[in-house]
Amino acid sequence: MESESERIRSFVAIDVAPPVLKALQELREQLLRVKADVRWVRPEGLHATLKFLGYVEAPHLEKVQATLAAAVRTQAALQVHAYGLGAFPSLRRPRVLWVGLQGEGLVGLARCVDAALEPLGFEREPRGFTPHITLGRVNSLRGWPRLEEELKAHLADDFGDSAVDSVTIYRSTLRPEGAAYTPLWTIPLSRHKERSTA
């Protein structure tokens, strides 16, 4: 792990299956060609965040890992379905472009993570959890009308299913070309043995 004084920008997420990731990358490449003023998420960043932790000192992050390992041990593995496109807060006032996720137990998993980390000083999420994968962040409305038309052609696209049997604590390193993500720990759901990726 890192030196004790280092503060690590981190979050908890789930990953999708390679075929789903490939479909999302193909869509991303298609939307990129419109050349709207959007900061697109790089392929390695296409995951679903369950909880953003912010900057956390290394020893405290190890406590997060241990707490999550205990908390999610009883959470059953689940199937998630990637379906449809949208924007937060809306297509008329877009800030974040996303692909939706559906799956029984997904909201419950996010709530489990949220509740487990509250005693460690992480505030509960004030808004309800909306499962999604972020595709891009809109910088300005330059080129937006053309992109909106392109998005509307994909509102009901089906990107496939993923088996989710773990959560991952990621490190996020901010760089001029976009954030870089490094998996620190992968924590299994159910009763599978935990594996470290650090």
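The values are calculated or read from the model by the stated rules, or taken from the named source; none is laboratory data. A quick note: this is a predicted structure, and the numbers were derived from the prediction, not measured. Methodologically, a virtual Cβ is constructed for each residue, glycine included, from the backbone with ideal geometry; neighbour enumeration extends over all protein chains shown. Accessible surface is based on the protein model in full, side chains and every heavy atom, while ligands, DNA and RNA are left aside. Shrake-Rupley method; radii C 1.70, N 1.55, O 1.52, S 1.80 Å.
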Please find, among Leu141, Leu120, Leu151, the residue that is touching a helix residue (DSSP H, G or I) at 6+ places or on another chain (Cβ under 7 Å), among the aliphatic types (A, V, I, L, M) and touching a residue at least 60 places away in the same chain (Cβ under 8 Å). Leu120
Being open to solvent by less than 70 Å² (accessible area, probe 1.4 Å) and either among the polar types (S, T, N, Q) or over 16 Å from the mean Cα position of the chain (by Cα) (or both) is the filter here; which residues of region 160-183 pass it? Gly160, Ser162, Ser166, Thr168, Ser172, Thr173, Thr182
Give region 133-155 a look and list any residue that's buried (at least 18 other Cβ atoms within 10 Å of the Cβ) and closer than 18 Å to Arg93 by Cα, or say none. Leu135, Gly136, Val138, Trp144, Leu147, Leu151
Note: among Arg111, Arg127, just one is charged (D, E, K, R) and loosely packed, with under 12 Cβ neighbours inside 10 Å, namely Arg127
Could you identify the single residue in Ala17, Ala76, Ala58 that is open to solvent by 10 Å² or more (accessible area, probe 1.4 Å), at pLDDT below 95 and either of a type outside the set (Asp, Glu) or within 13 Å of Tyr170 (Cβ to Cβ) (or both)? Ala76
State whether one or more residues within region 33-42 are among the aliphatic types (A, V, I, L, M), open to solvent by 20 Å² or more (accessible area, probe 1.4 Å) and in contact with an Asp or Glu (Cβ under 7 Å, 6 or more places away or on another chain). no
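Filter region 22-48 down to the residues that are among the polar types (S, T, N, Q) and either in a loop (DSSP other than H, G, I, E, B) or in contact (Cβ under 8 Å) with a residue 60 or more places away in the chain (or both) and list them by number.
Passing the criteria: only Gln30.
To keep it simple, each residue is scored yes or no on (1) under 20 Å from Asp114 (Cβ atoms); (2) part of a loop (DSSP other than H, G, I, E, B); (3) in contact with a Lys or Arg (Cβ under 7 Å, 6 or more places away or on another chain); (4) among the hydrophobic types (A, V, I, L, M, F, W, C).
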| site | (1), (2), (3), (4) |
| --- | --- |
| Ile8 | yes, no, yes, yes |
| Phe11 | yes, no, yes, yes |
| Val20 | no, no, no, yes |
| Glu62 | yes, no, no, no |
| Thr67 | yes, no, no, no |
| Gln79 | no, no, no, no |
| Tyr83 | no, no, no, no |
| Leu97 | no, no, no, yes |
